[in-house]
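Here is the structure we will look at, set down as structure tokens.
A short reminder: the numbers here are calculations on the coordinates, not readings from a lab. Since the model is a prediction, treat every value here as computed from it, not as a measurement. Cβ placement follows ideal geometry from the backbone for every residue including glycine, while neighbour counts extend to all protein chains displayed.
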Amino acid sequence: MCVVGLHFVKLIILMKLQRKSYMEKSKILVLEDNKIIREGIKEYLEENNYIVEEVTTIEEFYNKFIDDIDIFLLDINLPDGNAFNIVPKIKKLKKPIIFLTVRDEEEDIINGLKIGGDDYITKPFKLSILKARIETVLRRYKNENGRFIYYDKMVLDIEGTALYIDGNEVELRPKEYLLLETFMKNIEKTLTRDFLMEITWDNYEEFVNDNTLSVTIKRLREKLEIYGKNIKTIRGLGYKLESYK
């Protein structure tokens, strides 16, 4: 098969994987002993394209296969104990947790987040807000742990070291790719010029100065089209990729 043919096959496979990642339903486990709340959450989230499984006690949780769960929604006060005690088991799977509870004291909220909660929602709450919080947490975990990093219609393929905008591949030089990957993994974080130069260039192989970085980022902005303007210069510090709005 010719080089062009191989490239075409690679692109087709990548786009299929990309579509699959968009279409796959996330699986949620709800640990909640209140039947009305539990069934309300389940019905609403299933209507919004999620798979929802339920348990009502900590004992049921420990007896359930949870390796395929994408995110956990945990009430804290349960008939047989405190859900804080099961957090270590979930964190071993590197999966996110959102607490749903009536415990609204500042100390409880801080403790829940400190021990590993990714979000903390106090009851009563609107289901639409819960859904938005779930989407935000899942998106962050997908970007941190998945093959693809998504930024609106821009997709970075980590394994394939390739960039796609609106389904079309954008050719990047190696240094441009390294910079973009760093930005997309650190959205809304200011990255210093020294930090970017250190992770992108090997100073033992080539001479690099501030102008080298500036020129490379200028080229990257141009290649990113409408998204390039979101790489902001932070005067006196470095650069930041802002969230897409």
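For region 148-241, report the translational diffusion coefficient in µm²/s to the nearest whole number, using Stokes-Einstein at 25 °C, 0.890 mPa s, and a Kirkwood Rh over Cα pairs.
181
Note down the relative contact order for region 148-241 as a percent, whole number, built from C-alpha pairs under 8 angstrom at least six residues apart.
On the way: 103 pairs, mean separation 24.8, N = 94.
In percent, rounded to a whole number, it is 26.
What GluC sites (Glu not before Pro) does region 49-108 have in DSSP loop regions with at most 10 other beta carbons within 10 Å?
Details: sites: Glu53, Glu54, Glu59, Glu60, Glu105, Glu106, Glu107; in loops: Glu105.
Hits after loop and neighbour filter: Glu105.
Chymotrypsin sites (Phe, Trp or Tyr not before Pro) within region 40-115: which are DSSP loop residues with at most 12 other Cβ atoms inside 10 Å? All intermediate terms of the calculation are to be shown ahead of the outcome.
On the way: sites: Tyr44, Tyr50, Phe61, Tyr62, Phe65, Phe72, Phe84, Phe99; in loops: Tyr50, Phe65.
For chymotrypsin sites (Phe, Trp or Tyr not before Pro) across region 40-115 that sit outside H, G, I, E and B with at most 12 neighbouring Cβ atoms in 10 Å, the list reads Phe65.
If region 92-230 were replaced by its equivalent ellipsoid, with semi-axes equal to the square roots of 5 times the Cα gyration tensor eigenvalues, what would those be, largest first, whole Å? Mind dumping the intermediate values first?
Numbers: eigenvalues 271, 67, 35 Å².
The answer is 37, 18, 13 Å, longest axis first.
Give Lys27/Lys95; Lys35/Lys91; Lys94/Lys131; Lys175/Lys240 a once-over and call out the pairs whose C-alpha atoms are over 19 Å from each other. Before the final figure, lay out the partial values.
Details: Lys27/Lys95 11 Å; Lys35/Lys91 26 Å; Lys94/Lys131 21 Å; Lys175/Lys240 17 Å.
Violating the 19 Å limit, Cα to Cα: Lys35/Lys91; Lys94/Lys131.
Determine by what factor the alpha-carbon radius of gyration of the chain differs from 2.2 N^0.38 Å, reporting the quotient.
Working: Rg = 21.8 Å, N = 245, 2.2 N^0.38 = 17.8 Å.
Cα-based Rg divided by the globular estimate yields 1.23.
Give a quick list of GluC sites (Glu not before Pro) in region 174-245 that DSSP marks as loop, anything other than H, G, I, E or B, with at most 16 other Cβ atoms within 10 Å.
On the way: sites: Glu176, Glu181, Glu188, Glu198, Glu205, Glu206, Glu222, Glu225, Glu242; in loops: Glu188, Glu205, Glu206, Glu242.
For GluC sites (Glu not before Pro) across region 174-245 that sit outside H, G, I, E and B with at most 16 neighbouring Cβ atoms in 10 Å, the list reads Glu188, Glu205, Glu206, Glu242.
Calculate one ³J(HN,Hα) per residue across region 32-39 by plugging θ = phi - 60° into the Karplus curve 6.51 cos²θ - 1.76 cosθ + 1.60, and present them in order as whole Hz with x for glycine and proline.
Working through the residues one at a time gives 7, 8, 7, 4, 5, 5, 4, 5 Hz.
What aspartates and glutamates could a cross-link reach from Lys245, if we take a straight Cα to Cα line under 17 Å and drop same-chain neighbours fewer than 8 places away?
Glu135, Asp152, Asp166, Glu188, Glu225
Can you work out the FRET efficiency for the pair Glu198 and Lys223, with r the C-beta to C-beta distance and R0 = 30 Å, to the nearest 0.05? Each step should come with its number before you reach the end.
Details: r = 23 Å, r/R0 = 0.76.
The calculated FRET efficiency here is 0.85.
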